[in-house]
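Written below as structure tokens is the structure these notes are about.
The values are calculated or read from the model by the stated rules, or taken from the named source; none is laboratory data. Because the structure is predicted, anything quoted here is derived from the model rather than measured. Note that we place each Cβ from the backbone using ideal geometry, even for glycine, and neighbour counts take in every protein chain shown.
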2 protein chains.
Amino acid sequence: MDKVGLFTFTVEPYLTDFRGQVTLAMLGNYLIHAASNHAACRGFGFDDMTENHTAWVLSRLAIEMQDYPRSGASVSLYTWIEGAGKLFTSRCFEFVDGKGKTFGYARSVWAAIDIRTRRPTLLDVEELNRYIVERPCPIATPKKIPPVEAQVNGIPYTVKYSDLDINGHLNSIKYIEHLLDLFDLERFKQKQIERFEIAYLSEGRYGMELSLHSMEVSSDHYRMAICNDGKAICRAEVVWK
Amino acid sequence: MDKVGLFTFTVEPYLTDFRGQVTLAMLGNYLIHAASNHAACRGFGFDDMTENHTAWVLSRLAIEMQDYPRSGASVSLYTWIEGAGKLFTSRCFEFVDGKGKTFGYARSVWAAIDIRTRRPTLLDVEELNRYIVERPCPIATPKKIPPVEAQVNGIPYTVKYSDLDINGHLNSIKYIEHLLDLFDLERFKQKQIERFEIAYLSEGRYGMELSLHSMEVSSDHYRMAICNDGKAICRAEVVWK
């Protein structure tokens, strides 16, 4: 089995934004779909993990886009494992358009948790090492994101039915969608997101009362957070161009 | 060109709900996608309408589902025109699963508006009549839905970036998503939506402050509304089983 996985998507017109381009949140869905299937085909997917009472959880994600495909466009998404440690494995992605031109990269960090305790568990490093491949992913690795939630008021949000994933938790991609909804429409009309980075700190649950925070730390550079009871459940950083 | 259009979809795992089944909102996306493409292939699609400074707007929609396909399932969606009048045309849909079994129907009513005035405009009945076909669609036609907004308090909601369609208005499907989010999670765990019906009354815009209303009129039968400034922009009716 190839170490590098290739998944193709078509940008569905009903899943684009008001500009007719694919949303960053939908690109996130593509990433997770590719990661899940790449893992499943190589014996460490959702079902294999469940058998061992474990599950993958996304810990960090960074996406850099030079361009956003529009309605009807074909997207090829390559994914591969870059490294594996005892607690975390890193997976990279490359977005290629219908003409073979690369238009974006992403980096992700995953942990495995014990389903019963929801605590981190040790990875099968030897098994994961079989699939590690050296392939360029020329974007910065996700790093620690400084808190902003104490410095700026939050917008309240309660977790709803449409926010939940198959595990009954706030869907990883919905964190992104709710954060991006904090930006004014004018910004989306004039600019594009060049880099988006998120660190997941804890799981959102149905009915949980959240607050959404955003602060411009320098021109076109934002730090964000989602909190529950004053404690961050994720932090994010967005750079516009 | 065939009068009946056939469109196929695969239920993407990342677009299912916490039960692993396709959401009613996503079925709505499939319907609109099928309707748009069926019209476009027959010379009365989005681009043809834009040339005449007109646009299709969805006026009413009723969906009845016996079953909801799950992640990975294949969905065949048939659509055809049932009738056309001076101001409205009615279009039907049939959902068929991978084994050829019908699991749902839908009915929709569309108007054309002048893009500049946003007022209704006359349809080209002669042209539409060429495509009318008699084919059974054994569900009740959408009817007038009584108001409930004066009898029950609303939940506030402000229209966001992720709510907007390509025209910059509140996406028709987002009306449905926000209404269904009013139901408690326990209901989704125990029951299914048997029939959903919505009447669109006016367009939602970015930043508009809405209120979401829901009232149980008899067991498992709800009437709903979305209002702006006390005036309904849509009314809906939901029957659970």
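Restricting region B:174-184 to residues that are in a helix (DSSP H, G or I) and not charged (D, E, K, R), which is nearest to the other protein chains (Cβ to nearest Cβ)? Spell out how you get there, then give the answer.
First pass over region B:174-184, keeping only residues in a helix (DSSP H, G or I): B:174-180.
Now drop any that are not not charged (D, E, K, R), which leaves B:175-176, B:178-180.
Values: B:Tyr175: 13, B:Ile176: 10, B:His178: 8, B:Leu179: 11, B:Leu180: 7 Å.
Across region B:174-184, the extreme among qualifying residues is B:Leu180.
Of the residues A:Arg135, A:Arg116, A:Arg187, which single one is out of contact with any Cys (no Cβ under 9 Å at 6 or more places or on another chain), more than 19 Å from A:Glu237 (Cα to Cα) and outside any strand (DSSP E or B)? Give the derivation first.
Values: A:Arg135 fails: out of contact with any Cys (no Cβ under 9 Å at 6 or more places or on another chain); A:Arg187 fails: more than 19 Å from A:Glu237 (Cα to Cα).
Result: A:Arg116 is the single residue among A:Arg135, A:Arg116, A:Arg187 that is out of contact with any Cys (no Cβ under 9 Å at 6 or more places or on another chain), more than 19 Å from A:Glu237 (Cα to Cα) and outside any strand (DSSP E or B).
Within region A:138-151, is there a residue that is under 21 Å from the mean Cα position of the chain (by Cα), more than 16 Å from A:Arg235 (Cα to Cα), in a loop (DSSP other than H, G, I, E, B) and in contact (Cβ under 8 Å) with a residue 60 or more places away in the chain? Walk me through how you get there before you give the answer.
Kept after step one, since they are under 21 Å from the mean Cα position of the chain (by Cα), are these residues of region A:138-151: A:138-149.
Filter once more, so that each one left must be more than 16 Å from A:Arg235 (Cα to Cα): A:138-140.
Narrowing the set further to residues that are in a loop (DSSP other than H, G, I, E, B) leaves A:138-140.
Pick out the ones that are also in contact (Cβ under 8 Å) with a residue 60 or more places away in the chain and you get A:139-140.
So far as region A:138-151 goes, yes, one or more of its residues are under 21 Å from the mean Cα position of the chain (by Cα), more than 16 Å from A:Arg235 (Cα to Cα), in a loop (DSSP other than H, G, I, E, B) and in contact (Cβ under 8 Å) with a residue 60 or more places away in the chain.
Which one is modelled with the lowest pLDDT among residues in region B:107-134 that are farther than 16 Å from B:Thr54 by Cα and buried (at least 17 other Cβ atoms within 10 Å of the Cβ)? Lay out the reasoning, then the answer.
Narrowing region B:107-134 to residues farther than 16 Å from B:Thr54 by Cα: B:107-109, B:126, B:129-134.
Right, trim to buried (at least 17 other Cβ atoms within 10 Å of the Cβ) and you get B:107-109, B:131.
Values: B:Arg107: 98, B:Ser108: 98, B:Val109: 97, B:Tyr131: 94.
For region B:107-134, the residue satisfying everything is B:Tyr131.
The rows are residues; the columns are (1) aromatic (Phe, Trp, Tyr); (2) in contact (Cβ under 8 Å) with a residue 60 or more places away in the chain; (3) away from chain A (no Cβ under 12 Å); (4) surrounded by 18 or more Cβ atoms within 10 Å (Cβ to Cβ).
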site: B:Gly20; (1), (2), (3), (4): no, no, no, no
site: B:Thr23; (1), (2), (3), (4): no, yes, no, yes
site: B:His33; (1), (2), (3), (4): no, no, no, yes
site: B:Asn37; (1), (2), (3), (4): no, no, no, no
site: B:Asp48; (1), (2), (3), (4): no, no, yes, no
site: B:Asn52; (1), (2), (3), (4): no, no, yes, no
Filter result for the condition that a residue is modelled with pLDDT of 95 or more and within 19 Å of A:His178 (Cβ to Cβ), over B:Thr158, B:Thr141
B:Thr158
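Out of the residues in region A:129-173 that are among the small types (Gly, Ala, Ser) and more than 11 Å from every other protein chain (Cβ to nearest Cβ), state the one that is farthest from B:Glu186 (Cα to Cα).
Of region A:129-173, the ones among the small types (Gly, Ala, Ser) are A:140, A:150, A:154, A:162, A:168, A:172.
If we keep only those that are more than 11 Å from every other protein chain (Cβ to nearest Cβ) as well, we get A:140, A:150, A:154.
Values: A:Ala140: 43, A:Ala150: 35, A:Gly154: 29 Å.
Of everything passing the filter in region A:129-173, A:Ala140 is farthest from B:Glu186 (Cα to Cα).
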Hits in region B:54-94 - residues which are within 19 Å of B:Asn171 (Cβ to Cβ) and free of Cβ contacts under 8 Å to residues at least 60 places away in the same chain:
B:Trp56, B:Arg91
Can you find a residue in region B:219-230 that is more than 18 Å from B:Thr158 (Cβ to Cβ) and of a type in the set (S, T, N, Q)?
yes
